[in-house]
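Colleague: Quick one: the structure is below, and I'll ask about it shortly.
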Amino acid sequence: LPNPYKLAARRDVLIASIIDVLREKNIVVDEASSRMKDGIIVTQPFVFAKGSVITLNELSRYAILDASDSAWTRARYTLTIEVQSIDGVQNNVSVIAKIEGRAGNGLMSEWLTVRSSGVAEDDFISKLIERVTGNSPEPVQDTGR
């Protein structure tokens, strides 16, 4: 999906829809970091994987990982969503995900920022499009008929 994505909706309605989608996904808005009046919404870190068994797989979906000898035990992301007005009803919505993995090597563990693969951003944008337009942005699969 394009990022930023152009949506036809009033800005206040769009921001309310963004808050609804975040709430639906159990992601908490960081009120202190967000600037709603400027159209900037920042979330608190959302833990999407726990435990060494599934974390590597989930983190590999959401991030581009370099080969490392770290044992990943948790993974989380923080979303920064910006709504930029084009005119009265057209808005660009951009989503940036900061993906972090908790890496340990036996002695210590720390949160490391890894490069996003775009999955978290696409997932959020597609949910938002569905909420605003009522249509899923997923491409229709061609069955060859």
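The values are calculated or read from the model by the stated rules, or taken from the named source; none is laboratory data. Bear in mind that the values here come from a model prediction, so they are computed numbers and not experimental data. Here the Cβ is made from the backbone with ideal geometry for all residues, glycine too, and neighbour counts use every protein chain on show. Side chains included, ligands, DNA and RNA excluded: accessible areas come from the protein's heavy atoms. Shrake-Rupley method; radii C 1.70, N 1.55, O 1.52, S 1.80 Å.
Colleague: Mind counting the residues in the stretch 32-57 that are open to solvent by 60 Å² or more (accessible area, probe 1.4 Å) and under 17 Å from the mean Cα position of the chain (by Cα)?
Modeller: 2
Colleague: Now for a separate question. All but one of (1) part of a loop (DSSP other than H, G, I, E, B); (2) among the hydrophobic types (A, V, I, L, M, F, W, C); (3) modelled with pLDDT under 95 hold for Ala32; which doesn't?
Modeller: Among (1) part of a loop (DSSP other than H, G, I, E, B); (2) among the hydrophobic types (A, V, I, L, M, F, W, C); (3) modelled with pLDDT under 95, the lone unmet condition for Ala32 is (3).
Colleague: Next question. Among the strands (runs of 3 or more DSSP E) contained in the stretch 40-106, which hold 1 or more residues that are among the basic types (Lys, Arg)?
Modeller: 46-50, 71-85, 90-104
Colleague: Anything in the stretch 14-29 that is touching a residue at least 40 places away in the same chain (Cβ under 8 Å), closer than 17 Å to Ser94 by Cα and open to solvent by 40 Å² or more (accessible area, probe 1.4 Å)? List them, or say none.
Modeller: Selection gives Asp20 alone.
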